Every structure is written in structure tokens, then in C-alpha cells.
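Notes follow the structure.
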Amino acid sequence: MVAVLLAGCAGSKVASRKHERAAAYAALPPAQQRLVDEGRIDVGMPADVVYIAWGKPAMIVPTTPGNLTWIYRCKSTTAQPARDSRQAPSSGYGYGGSYYRPRGMQYVHTEYDCAEVNFEANVVKNWRELPKPEN
């Protein structure tokens, strides 16, 4: 089982974190290095390697002595009907250019817990993706 959930965070951020924790990355077998390069994790990876692939967790929760759970948060933007259509013009100008928003709609930005990684003795024991809450 290999996590792909946060792969959107891959790229230059992964490269930066690989440089930051070069020894941990260099110690990985080539197959695991490829996963990390893609922003993916797997059971058995050390915590430093999960950090390289996914970044800093939103929260670290101690579970039992020596064990931790890392919680990751994702962001979501959805368009919803505006309560008052006067609040949602059909077009406007935002930072860095114009944007389009259909009349009578508003954008709602939410954050939610989207993944958790359970560590036992600083190694991934298991992980799971959490469902996106419905609005």
C-alpha cells in the first residue's frame, strides 16, 4: 500500500526537503527514493523520509510511549450559492489579475484532516487517507 494522497505537494518542495535531510534520503533503497521523489510514502519508511515526501504534519499526536501519529491537513475550495447575490459579482479583480465568479456564487475555502501516519519506533507502521467531509 503506497500513499498517493499528498502527491500534489511533490516537486520543488520535495527537492528542498531532500536537500535538508540528505543523509536520510541517501540511505533509502532506490525503489523508496523513487516513491519519495513522487511525493509518496510506504510502510517501513522512517519519519525523516515521510517528512521529505509529505512535509511537516499539521499535528503530531503521541499515542503510546515511543509511538506517534502525524496528522496532515488538506485544503479544498468549492463554489456555492451566495446568500446574497450582491456579494458575488460576475467578475472582479483580485491579487495578480482578474478572476471570474458566476453571479450568485461564492467560493468557500475549507481545511480538513486528510491523512494520518502512525509511527512505531520512528518507522511507518501504517497510514490511511481520511475522507473529505461533505459540505
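Okay, residues lined up against (1) over 19 Å from T63 (Cα atoms); (2) modelled with pLDDT of 80 or more; (3) surrounded by 12 or more Cβ atoms within 10 Å (Cβ to Cβ); (4) touching a Ser or Thr at 6+ places or on another chain (Cβ under 7 Å):
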| residue | (1), (2), (3), (4) |
| --- | --- |
| G96 | yes, no, no, no |
| R103 | yes, no, no, yes |
| Y107 | yes, yes, yes, yes |
| T110 | yes, yes, yes, yes |
| K125 | no, yes, yes, no |
| P131 | yes, yes, no, no |
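Give me a count of the residues in segment 21-43 that are in a helix (DSSP H, G or I) and free of Cβ contacts under 8 Å to residues at least 24 places away in the same chain.
Selection size over segment 21-43: 9.
Tally time: how many residues in segment 29-47 are surrounded by fewer than 17 Cβ atoms within 10 Å (Cβ to Cβ) and within 20 Å of F119 (Cα to Cα)? Explain how you work it out, then say what you get.
Step one: list which residues in segment 29-47 are surrounded by fewer than 17 Cβ atoms within 10 Å (Cβ to Cβ), which gives 29-31, 33-34, 37-38, 43-44.
With within 20 Å of F119 (Cα to Cα) added as a condition, the list becomes 29, 33, 43-44.
Here the count works out to 4.
With (1) exposed (fewer than 12 other Cβ atoms within 10 Å of the Cβ); (2) modelled with pLDDT of 90 or more; (3) closer than 23 Å to K13 by Cβ as the list, and A121 as the residue in question, which single condition is left unmet?
The one condition A121 does not meet is (3).
The values are calculated or read from the model by the stated rules, or taken from the named source; none is laboratory data. Keep in mind that what you see is a predicted model, and the values were worked out from it rather than measured. Note: ideal-geometry Cβ built from the backbone for every residue, glycine included; neighbour counts use all protein chains shown.
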